[in-house]
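What follows is one structure encoded as structure tokens, with my remarks underneath.
The values are calculated or read from the model by the stated rules, or taken from the named source; none is laboratory data. No experiment lies behind these values; they were computed from the predicted model shown. Every residue, glycine among them, receives a Cβ derived from its backbone with ideal geometry; neighbour counts consider all protein chains shown. Note: areas computed on protein heavy atoms with side chains; ligands, DNA, RNA excluded. Shrake-Rupley method; radii C 1.70, N 1.55, O 1.52, S 1.80 Å.
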Amino acid sequence: MGDLLTNLFSNLSLWNKNLEDIEKYMDDGGELTSIPILNLHSVIKKSSSDMLALILSKISSEQRQLLLDIDFWHKDSIDLKNCFFWIEAYSQVNDDRIKFEFASGSNFGLFLKSKFNIWTFDVEEPLYPEHDNFFVTDDNQLLFEFDETFNHLEECKHLIRVLYAELGVELAYAHLFKIISDSHSQMNEDEYRFKVGRLEDYGLVDYYKALEICAHFPSLTTINAHISKKKDNFTRSISNENVGNKHEHKREHKREEDEIENISIPTNWPINLYQDGGNFIQELDKLKCPKRNKFLQFDFVRLVNSIMVLNNSTHGNFSNSIMVTALGKETRFIINLGLEYLKNTIFVSRDSKDSKDSKDSKDSKKNINDYNFHFNFYNVIENEGIFKIYDFTDIYKYGTTLLKLNQQKIKNAIKNTPFEKEKDEYFLGTYLNNFLEDSFSLLSTSNLKISSLNEYDSWTREIELFIGLIPFIKSFHSAYKEIVSSGKVSGSFYLNYSLDNIDFEALIISSFANHLLNNDHTTPKMGLSTLEFRKFVSKFLLVDNKIMIESTDKELLAAIIDFKNKFGFVEVANFEKYLYSILEQQLSGMNFNEITDVDLAHVGGPIIFNFNLNINLNHDTHSTTELS
């Protein structure tokens, strides 16, 4: 299938030009009607009101309505800030027919209802407000009252005059009087419903529909139930066709065909599901039904738009091609993950059922039918592909659920700890802070690349490590803060750390170093002398100043395991990998044979005592036993 989102926005860069380029394009006779609507919207978001006025005259009525449906609203209410921009633009359009199209439309009527108090006016017995913030229509029949901060009065008066000029006094008055009579809430509800319907015809969505489309499942059990439900629905259709309910099957099939036939796919969408190849190409190539293919294209466009709406891309960031590309890559990763999970679940289920069926008798008619339907389902999957039954939205939800459930595990682990606050999150150390940042960043912009079950499992193991470490880190943090606040330690004690930047990594590496060196102090100490530091790094750094690897790291691994057992980290999954990783991050690449004791002030790793002070290492420094 290839990078669908890259294809979808392949023309975006063409329209991310400055206004002079767009104006030149129009002067050269370019047809703006050929531009995909969201790409056109991205141009408009960067234009001035007078430039928008020029663009409005170059696009179709259908495009103008869709742009209003996208930009005139925020969630389920009109966006007054954007409304002002559009009113400025429409008031500058030269074509009165286009002005009238807007002035007589429900969007402008809803705006008038939102910003003005509109009253009937009797010129023979006039009743004026007790302020000057009002105007009377030219026919002296309506009075418009507005607040003192309103600064788009002339534009609104101009559009109202256009309404009178095109409709005549009687019809214009009737049109405006209807706005007075209708309730604001009913007008808003009706127009919102119409707006949603118009957007859906083009695969576009509003905020709440986007929430519905992209909503993840609450658990893995729910994912599997959804997978099974779609499988059961499919096998039921096979049952209707194969065991005598052919008329019912035909009715269902005809209803599905009618629904797909009514879908409107804009011909100017720059999307080709089969272009450039990719993870989906084999599944899509199996699909033999053109109508199903058409539905999948519509489903994909709608999914992309939903993701963008929820990421606030349509309102403000859609013109940012970097953001669009990032969202595109992230969505591709999620769909790839969901597809692999779906296929794995389906075929594991098949193998399990095949094993069960081999033990059960197939003598009864029911068992024979069950076996046939089971066989037919997997036969269709293998011959016509996953997309014969499951669509992009399904697969995206499977993938995003896997991610959201893991993210929730992280949130639960850190909840009600000091590390929720930015002030104390440093104490987690670089490794875990990078892990947190990557886990909640866009997948395409972080160091995580989770587009397969193997990558997902690797991330899950990291989460298990994080969850296991948090109680220890919390305990270390509490004890360390208490020691610092009591004044038992001083920043002058330490060469390479201040009291404010000692973190869990520094403490755990210091503890491991003392363990590795078999220091015979009565109480383990919270650091090393410079001599001890050099002895420590010499034990596991190779000639090229890298951490020991392959066969040479057996001694180091054994020491880590012994340390883990002695200090209570036995239940922490993947602890060996964590300690090995932070040693590598903190100490690899440095030639400690050439670094002077003074320069050790700039290295990380274990805490080093200040050699300029005469410190009694047994008593004047705090122990890691108390910290743990």
Which of the numbered conditions does residue 41 fail, given that it passes all the others? Conditions: (1) modelled with pLDDT under 90; (2) under 28 Å from residue 209 (Cα atoms); (3) open to solvent by 20 Å² or more (accessible area, probe 1.4 Å).
(3)
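Name the single residue, out of those in region 596-617 being modelled with pLDDT under 85 and either polar (S, T, N, Q) or out of contact with any Lys or Arg (no Cβ under 9 Å at 6 or more places or on another chain) (or both), that is most open to solvent (accessible area, probe 1.4 Å).
The extreme case among them is 614.
Yes/no matrix, rows are residues, columns are (1) under 20 Å from residue 308 (Cα atoms); (2) in contact with a Phe, Trp or Tyr (Cβ under 9 Å, 6 or more places away or on another chain); (3) assigned to a helix (DSSP H, G or I); (4) free of Cβ contacts under 8 Å to residues at least 12 places away in the same chain:
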residue: 42; (1), (2), (3), (4): yes, yes, yes, no
residue: 51; (1), (2), (3), (4): no, no, yes, no
residue: 54; (1), (2), (3), (4): no, no, yes, no
residue: 81; (1), (2), (3), (4): no, no, yes, yes
For region 152-175, state whether one or more residues are in a loop (DSSP other than H, G, I, E, B) and under 30 Å from residue 59 (Cα atoms).
yes
Out of all the residues in region 49-69, which are of a type outside the set (A, V, I, L, M) and open to solvent by less than 50 Å² (accessible area, probe 1.4 Å)?
49, 60, 63, 64, 69
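For residue 96, indicate whether it is farther than 24 Å from residue 185 by Cβ, in contact (Cβ under 8 Å) with a residue 12 or more places away in the chain and open to solvent by less than 60 Å² (accessible area, probe 1.4 Å).
No, not satisfied.
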When region 441-451 is examined, which residues are found to be without any contact (Cβ under 8 Å) to a residue 60 or more places away in the chain and open to solvent by 90 Å² or more (accessible area, probe 1.4 Å)?
447
So, in region 462-484, exactly how many residues are farther than 15 Å from residue 427 by Cα and open to solvent by 60 Å² or more (accessible area, probe 1.4 Å)?
2
How about region 181-215: which of its residues are open to solvent by less than 20 Å² (accessible area, probe 1.4 Å), within 22 Å of residue 61 (Cβ to Cβ) and either small (Gly, Ala, Ser) or not in a helix (DSSP H, G or I) (or both)?
203, 204, 205, 206
Pick out the one residue from 304, 348 that is part of a helix (DSSP H, G or I), modelled with pLDDT of 75 or more and open to solvent by 30 Å² or more (accessible area, probe 1.4 Å).
348
Over region 412-432, the set of residues under 13 Å from residue 506 (Cβ atoms) and either surrounded by fewer than 17 Cβ atoms within 10 Å (Cβ to Cβ) or among the hydroxyl-bearing types (Ser, Thr, Tyr) (or both) is 426, 430, 431
For region 424-461, which residues satisfy the criterion of being in a helix (DSSP H, G or I), acidic (Asp, Glu) and more than 16 Å from residue 407 (Cβ to Cβ)?
425
Those residues of region 216-230 which are basic (Lys, Arg) and open to solvent by 60 Å² or more (accessible area, probe 1.4 Å) amount to 229
Just checking, how many residues over region 379-411 are under 17 Å from residue 347 (Cβ atoms) and open to solvent by 10 Å² or more (accessible area, probe 1.4 Å)?
8
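Okay, residues lined up against (1) surrounded by fewer than 23 Cβ atoms within 10 Å (Cβ to Cβ); (2) outside any loop (DSSP other than H, G, I, E, B); (3) at pLDDT below 90:
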site: 498; (1), (2), (3): yes, no, no
site: 506; (1), (2), (3): no, yes, no
site: 511; (1), (2), (3): no, yes, no
site: 522; (1), (2), (3): yes, no, yes
site: 532; (1), (2), (3): yes, yes, no
Among the residues in region 173-180, are any over 43 Å from the mean Cα position of the chain (by Cα), surrounded by fewer than 16 Cβ atoms within 10 Å (Cβ to Cβ) and of a type in the set (Phe, Trp, Tyr)?
yes
Checklist (1) touching a Pro at 6+ places or on another chain (Cβ under 8 Å); (2) open to solvent by less than 40 Å² (accessible area, probe 1.4 Å); (3) at pLDDT 90 or above applied to residue 563, failing item:
(1)
What about residue 502, is it part of a helix (DSSP H, G or I), under 30 Å from residue 611 (Cβ atoms), touching a residue at least 60 places away in the same chain (Cβ under 8 Å) and of a type in the set (Val, Ile, Thr)?
no
Within region 57-73, work out how many residues are more than 19 Å from residue 199 (Cα to Cα) and touching a residue at least 40 places away in the same chain (Cβ under 8 Å).
1
Would it be correct to say that residue 163 is in contact (Cβ under 8 Å) with a residue 60 or more places away in the chain and either open to solvent by less than 20 Å² (accessible area, probe 1.4 Å) or not hydrophobic (A, V, I, L, M, F, W, C) (or both)?
yes
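Mind listing just one residue for me: the one in region 485-494 that is in a helix (DSSP H, G or I) and either at pLDDT 90 or above or of a type outside the set (A, V, I, L, M, F, W, C) (or both) and, of those, least open to solvent (accessible area, probe 1.4 Å)?
491
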